[in-house]
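Engineer: After the structure tokens below, expect a handful of questions from me.
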Amino acid sequence: MPIPEDVTGDEIDKDVRQELQSLPKTLAEDVAKNLVMVARLIDEDPEGAYGYSKVALRLASRVAAVREAAGFAAYANQKYSEALAEFRAARRMTGTVELWPVMADCERGLGRPEKTLDMAGAPEVHKLDKAGQVEMRLVAAGARRDMGQLDAAIVTLQSPELASNSVQPWTARLRYAYADALLAAGREGEAREWFAKAVEADRDGSTDASDRLAELDGVEFVDALDESESETEGEPGNASQKDDGDED
């Protein structure tokens with residue numbers, strides 16, 4: 001797959017670069033460039049990221065960072081079985097537990113929420129850092145919802161991290177998940193309160209909490225382009241265009 005000229009491979013994390021030092025120099029550079037493309041595309045073009053991950057995997061399947069990148073690319077494309085296999089391989093190579101929550105979420109994706117909950121109660125969870133533990137809590141709550149256990153999902157999300165007033169990278173997502181679970185359980189007033197708290201913490205727009213809050217408040221947003229088109233349709237001489245739209 002083509003690599004843009006502005007990609008040098010030096011953009012990758014220093015720890016990943018260190019892993020690639022086990023490879024011949026030219027090969028390491030090629031793998032690095034493909035990993036950069038995976039990171040660059042995974043949010044906006046998951047299929048493209050997946051393609052580059054397969055190239056990196058073909059070049060250096062014995063490098064843990066490559067297996068991890070391949071796992072995330074497969075995960076982004078909802079190829080959960082493949083993602084789980086790659087994450088397991090990466091974990092065997094590194095011996096770390098960082099991927100435990102996303103591995104558990106793959107089990108959810110495969111329709112095995114019971115397995116997810118087993119993983120949520122495993123000793124590995126205690127080895128996770130705070131961010132990892134919060135992520136595991138989110139995944140476990142999702143599994144409870146998959147099983148129709150809304151009240152259990154709500155309880156799962158109740159934690160010191162949820163109650164804390166300090167804003168951490170995970171705060172918005174945790175509050176959002178709690179609000180969404182409350183709403184699903186019919187507790188609209190409490191849901192509104194927590195969507196509002198999610199908005200306060202969502203400094204980078206990682207959730208659509210503001211839209212959900214507006215929806216609960218009965219606020220409707222009109223797309224500026226749609227509004228402009230409506231005004232044009234209402235002008236003299238545009239009736240035939242409006243009629244054509246109605247026929248469609």
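Engineer: Of everything in the stretch 139-166, what is within 19 Å of Glu193 (Cβ to Cβ) and either in contact with a His (Cβ under 6 Å, 6 or more places away or on another chain) or not polar (S, T, N, Q) (or both)? Give them in sequence order.
Structural biologist: Ala141, Leu150, Asp151, Ala153, Ile154, Val155, Leu157, Pro160, Glu161, Leu162, Ala163
Engineer: Of the residues that make up the stretch 107-114, is at least one within 29 Å of Asp6 (Cβ to Cβ), among the charged types (D, E, K, R) and surrounded by fewer than 20 Cβ atoms within 10 Å (Cβ to Cβ)?
Structural biologist: no
Engineer: Out of the stretch 64-82, which residues are farther than 10 Å from Leu35 by Cα, surrounded by 23 or more Cβ atoms within 10 Å (Cβ to Cβ) and aliphatic (A, V, I, L, M)?
Structural biologist: Ala73, Ala74
Engineer: What's the total number of residues in the stretch 90-114 that are in contact with a helix residue (DSSP H, G or I) (Cβ under 8 Å, 6 or more places away or on another chain) and under 19 Å from Gly132 (Cβ atoms)?
Structural biologist: Of the residues in the stretch 90-114, 17 are in contact with a helix residue (DSSP H, G or I) (Cβ under 8 Å, 6 or more places away or on another chain) and under 19 Å from Gly132 (Cβ atoms).
Engineer: Kindly establish whether Glu29 is over 17 Å from Ala74 (Cβ atoms) and touching a helix residue (DSSP H, G or I) at 6+ places or on another chain (Cβ under 6 Å).
Structural biologist: So Glu29 fails the test.
Engineer: Anything in the stretch 115-134 that is open to solvent by less than 60 Å² (accessible area, probe 1.4 Å) and not polar (S, T, N, Q)? List them, or say none.
Structural biologist: Once the filter is applied, which keeps residues that are open to solvent by less than 60 Å² (accessible area, probe 1.4 Å) and not polar (S, T, N, Q), the stretch 115-134 yields Leu117, Met119, Ala120, Ala122, Glu124, Val125, Leu128, Ala131, Gly132, Val134.
Engineer: Just checking, how many residues over the stretch 61-105 are more than 17 Å from the chain's Cα centre (by Cα) and closer than 22 Å to Gln21 by Cβ?
Structural biologist: 16
Engineer: Right, another one. Considering the stretch 177-190 alone, what residues qualify as being over 13 Å from Ala153 (Cβ atoms) and touching a residue at least 24 places away in the same chain (Cβ under 8 Å)?
Structural biologist: Within the stretch 177-190, Glu188 is the sole residue that qualifies.
Engineer: If you don't mind, another one. Say we look at the stretch 92-132 and pick out the residues that are among the polar types (S, T, N, Q) and in contact (Cβ under 8 Å) with a residue 24 or more places away in the chain; which of these is nearest to Arg175 (Cα to Cα)?
Structural biologist: By that ranking, first place goes to Thr116.
Engineer: Could you list all residues from the stretch 83-96 that are surrounded by 15 or more Cβ atoms within 10 Å (Cβ to Cβ) and either polar (S, T, N, Q) or touching a Pro at 6+ places or on another chain (Cβ under 9 Å) (or both)?
Structural biologist: Across the stretch 83-96, the qualifying residue is only Thr94.
Engineer: Next question, about the same structure. Tell me, which helices (runs of 4 or more DSSP H) lie completely within the stretch 125-209 with 1 or more residues that are closer than 19 Å to Ala104 by Cβ?
Structural biologist: Here the list reads 130-146, 150-157, 160-163, 171-184.
Engineer: Let me ask something else. Which residue out of Ala65, Ala90 is among the small types (Gly, Ala, Ser), touching a Lys or Arg at 6+ places or on another chain (Cβ under 8 Å) and closer than 29 Å to Ala28 by Cβ?
Structural biologist: Residue meeting the stated conditions: Ala90.
Engineer: Just one of the numbered conditions (1) farther than 19 Å from Ala76 by Cβ; (2) in contact with a helix residue (DSSP H, G or I) (Cβ under 8 Å, 6 or more places away or on another chain); (3) part of a helix (DSSP H, G or I) is not true of Ala39; which one?
Structural biologist: The number of the failed condition is (1).
The values are calculated or read from the model by the stated rules, or taken from the named source; none is laboratory data. Keep in mind the model is a prediction, meaning the values are calculated, not measured. Cβ: placed from backbone, ideal geometry, glycine included. Neighbour counts: every protein chain shown. Surface areas here come from the heavy atoms of the whole protein model, side chains and all, with no ligands, DNA or RNA. Shrake-Rupley method; radii C 1.70, N 1.55, O 1.52, S 1.80 Å.
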